[in-house]
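Everything below concerns the one structure shown next.
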Amino acid sequence: MGRAFEFRKARKMKRWSAMSKAFTRIGKDIVMAVKENGPDPDSNSRLRAVIQNAKSVNMPKANVERAIKKASEKGQGDYKEVVFEGYAPHGIAVLVETATDNNTRTVANVRSYFSKCDGSLGTSGSVVFMFDHTCNFRINAEGLDPEELELEFIDFGAEEVFADDDGILIYAPFESFGAIQAELESREIEILSSGFERIPQVTKAVTAEEALDIEKLLEKLEEDDDVQDVYHTMEESTD
């Protein structure tokens, strides 16, 4: 198995499993998708992907429809995607993805978390090169063989294909998202969820005590409503 498999395994208990946080994140994704290409999922591939993700976390259909309607209203503001880069204690690189309607607030909050936890907020480009930007799809595994699927989807950019308890996962570079989504849909393969992740190219082992210092920063960041996801180079257990 490759790096994507190990990365996914290490993050399987990630805090995004908290339902309320997942709903907040998807709500923002709906707004950004609708603002970008309109409220019709048939003509908006990004919105189709968000709706699939909403189903995967059992977000009620009424909530999704309400969010789409609200996003279509003229008075609804948009969210800007902003990435922050820095270092946690003990030299661990941290990448923070946010979606915000108030950049001044978000910058101030993120800076304060790094400062209070003995980290340092860096400049654009300071750590992003340490992570591979990937896209992923979880599909219904029924009647499909991961090895055959990997061979078939190499031409569309797929780099890793593997099965877990909840289906088959396809990982590819960020820019391959559209091609793979279109091919899966053309084959009528059920997409259970999809998204993007930053996989660290190299991870760093730390002691249990050092890990606690780093986790303090990660927890503060992940609890912020403007934060969509947090990635880091700390080596995590895959047990």
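The values are calculated or read from the model by the stated rules, or taken from the named source; none is laboratory data. Just so we're clear, the structure is a prediction, and the values are computed from it rather than from any experiment. Counting neighbours? That spans all protein chains shown, and the Cβs are built from the backbone with ideal geometry, glycine included. Note: accessible area is taken over every heavy atom of the protein model, side chains too, but ligands, DNA and RNA are not part of it. Shrake-Rupley method; radii C 1.70, N 1.55, O 1.52, S 1.80 Å.
Quick notes on this structure:
- Heavy-atom accessible area, probed at 1.4 angstrom with all protein chains present, ranks Leu149, Leu121 as Leu121, Leu149, highest first.
- Tensor-based shape of the chain (alpha-carbon gyration tensor, a/c under 1.5 rounded, otherwise prolate or oblate): oblate
- Rounded Å value of the spacing that divides the Cα centres of the stretch 66-83 and the stretch 91-162: 22 Å
- Axial C-alpha extent at least 18 Å, average Kyte-Doolittle at least -1.0 - helices from the chain (DSSP): 19-37, 103-116, 208-223
- Measuring nothing but protein heavy atoms, the accessible surface of the stretch 35-175 at 1.4 Å probe radius is 47 percent carbon and sulfur.
- Cα-Cα separations in the stretch 185-239 greater than 14 Å, expressed as whole percent: 69 percent
- Candidate residues Glu85, Glu209: accessible-area rank, largest first, probe 1.4 Å: Glu209, Glu85
- Quotient of Cα Rg and 2.2 N^0.38 Å for the stretch 29-77, N being how many residues it contains: 1.03
- Counting charges near Gly27 (Lys, Arg +1; Asp, Glu -1) among other residues having Cβ under 10 Å from its Cβ returns a value of +3.
- Shown here: the stretch 127-239, whose C-alpha atoms stretch 48, 30, 25 Å along the first, second and third principal axes, sorted largest to smallest.
- Gain upon complete extension [Lys69, Leu151; 0.36 nm per residue less C-alpha separation]: 25.5 nm
- Compactness ratio for the stretch 136-184: Cα radius of gyration over 2.2 N^0.38 Å (N = residue count) comes to 1.01.
- Per residue, the accessible area of the stretch 1-125 comes to 55 Å² when a 1.4 Å probe rolls over the protein heavy atoms.
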